[in-house]
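Beneath this line is the structure, given in structure tokens, with notes to follow.
The numbers here are math on the coordinates, done by the rules we state, and not lab data. Since the structure is predicted, the reported quantities are computational estimates derived from the model, not experimental observations. Backbone-built Cβ (ideal geometry, glycine too); neighbour counts: all protein chains shown.
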Amino acid sequence: MQSLLRTIYNDVKPLVGQGKVADYIPALASVDPNQFGIAIYSNTGELFQIGDAEVPFSIQSISKVFSLTLAIKHYGPDMWQRVGREPSGLPFNSLVQLEYENGVPRNPFINAGALVISDMNQSRFASPHYAMSEFVRRISGNPELKTDLKVADSEYEFRHRNAAMAHLMKSNGNFENDVEEVLKSYFANCALRMSCVDLAKAFNFLANKGFCSISNEQVLSEQEARQVNALMATSGMYDEAGSFAFQVGLPGKSGVGGGVVAIVPNRFSVCVWSPALNKVGNSTAGVAALESMTKHIGWSVY
């Protein structure tokens, strides 16, 4: 496996730094784009890594999977009355579809859907961000994980489009809590800093039928884990989900901090990080690295 990581690293090294960092979030604009790391965590507890795999970064939309997991644990199937399970086909921050479909977001990984999930967790927990942070610390085995308050504040300052989505959903009766409070929790979750190693470990329960060997707990049922993987496969990569399925063939979730997580069911979880993004907001080198990985190992869910 370590030899495979070296091969992938050599394959994608020319792409590192190609694209641009997420400068529409001012606190992320200064991140060095010329960084790259991979970590793989197997279901048997083996860890393999290369490059900047231990450098923490802002996980951004990858946090939506953790928030969704908490909601599933506490609401079960009833939650799907408030959010759909279909790909959107529109940008992750689009208002058009939300207006047309009466305030019910297409899936939990576009911003509107993630805001509804955050609203659910706001109703369930006295401190939703604390609950999510403690959950992620537990399943990653890293009690030192922290939120970058500068990033969270920066996102909150430029919150207007997300606030518009939340108010639109509230006007349609699909939002229960104070919009500003939910936005603060949502941005704090996005601003959580984790490394490739942390994320590969934290996502391993999705490769292991819902069981986390690090915390020794059944995080989700086997069926629920399959369902989350299915949502990642269809909706986890912004407007590039179809292309990612075609080229990589694995469930994946990206964030504009440059991280991409992928799941090889029953085998391992992997996280790649490189901050420079392509035109749809996914890591240029990260997506290429996962394509290189599946090409070399021949594993795909399709």
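The orientation-averaged projected area of the convex hull spanned by the Cα atoms of the chain comes to 13.3 nm². A Förster distance of 45 Å, applied to the separation of the beta-carbon atoms of Leu4 and Phe158, puts the FRET efficiency at 0.70. For segment 1-53, the alpha carbon convex hull comes to 93 Å³ per residue, rounded to a whole number.
May I ask for the longest run of the chain untouched by GluC sites (Glu not before Pro) that are loop-located per DSSP and have at most 16 neighbouring C-beta atoms (other than their own) within 10 Å?
Values: sites that count: Glu46, Glu54, Glu101, Glu144, Glu176.
The reported range is 177-302.
In the chain, helical runs assigned H by DSSP with n ≥ 4 each contribute -39500 (n - 2.57); averaged across all residues and rounded to the nearest 500, the mean residue ellipticity at 222 nm is -13000 deg cm²/dmol.
By the Cβ-Cβ criterion of under 4.7 Å, the unpaired cysteines of the chain are Cys190, Cys212.
For segment 70-163, the gyration tensor built on C-alpha atoms gives an oblate shape. Its axis ratio a/c (a ≥ b ≥ c) is at least 1.5, and a/b is not larger than b/c.
Counting Lys and Arg as +1 and Asp and Glu as -1, each charge on the Cβ, what is the dipole of segment 1-99 about the Cα centre in debye, to the nearest 20?
Values: 7 positive and 9 negative charges, 30 e Å.
Value, rounded to 20: 140 debye.
Between Met79 and Asn216, the contour length at 0.36 nm per residue exceeds the Cα-Cα span by 46.7 nm. Once you sort the root eigenvalues of the Cα gyration tensor of segment 187-302 as a ≥ b ≥ c, which label holds: rounded (a/c under 1.5), prolate (a/b larger than b/c) or oblate (the other case)? Cα axes put segment 187-302 in the oblate bin.
How much length is gained if the chain between Glu176 and Phe125 is pulled fully straight, taking 0.36 nm per residue apart and subtracting their Cα-Cα distance, in nm to one decimal?
Details: separation 51, 0.36 × 51 = 18.36 nm, distance 1.34 nm.
Result: 17.0 nm gained on full extension.
About the Cα centre of the chain, what is the dipole size in debye to 20, counting +1 per Lys and Arg Cβ and -1 per Asp and Glu Cβ, all else neutral? Intermediate results must be reported in sequence, preceding the final value.
Details: 25 positive and 28 negative charges, 93 e Å.
Taking the Cα centre of the chain as origin, the dipole is about 440 debye.
Treating the angle as unsigned and between 0 and 90°, give the value, to the nearest 10°, between the Cα long axis of helix 284-297 and the longest Cα principal axis of the chain. That helix lies at roughly 60 degrees to the long axis. Toward the positive end of the charge dipole of segment 2-297, with +1 on the Cβ of Lys and Arg and -1 on the Cβ of Asp and Glu, the farthest Cα among Ser274, Tyr9, Ser235 is that of Tyr9.
Where Rh is the Kirkwood radius over the Cα pairs of segment 67-108, the temperature 4 °C and the viscosity 1.567 mPa s, what D in µm²/s does Stokes-Einstein return?
Values: Rh = 11.1 Å.
Result for D is 117 µm²/s.
Taking 0.36 nm per residue of separation and subtracting the Cα-Cα distance, full extension of the segment from Ala29 to Asn266 would add 81.6 nm. The mean sequence separation of alpha-carbon pairs under 8 Å and at least six residues apart, normalised by the residue count of the chain, gives a relative contact order of 28 percent.
For a footprinting-style exposure proxy, rank Ser3, Ser185 by other Cβ within 10 Å, fewest first. Please report the intermediate quantities before stating the final value.
Details: Ser3 9, Ser185 24.
Ranking Ser3, Ser185 by Cβ neighbours within 10 Å, fewest first, gives Ser3, Ser185.
For segment 1-133, the direction-averaged projected area of the alpha-carbon convex hull comes to 10.9 nm².
Between the alpha-carbon centres of segment 156-235 and segment 81-98 there is a gap of 15 Å.
When Rg and Dmax are taken over the Cα atoms of segment 102-253, they come to 16.0, 43 Å.
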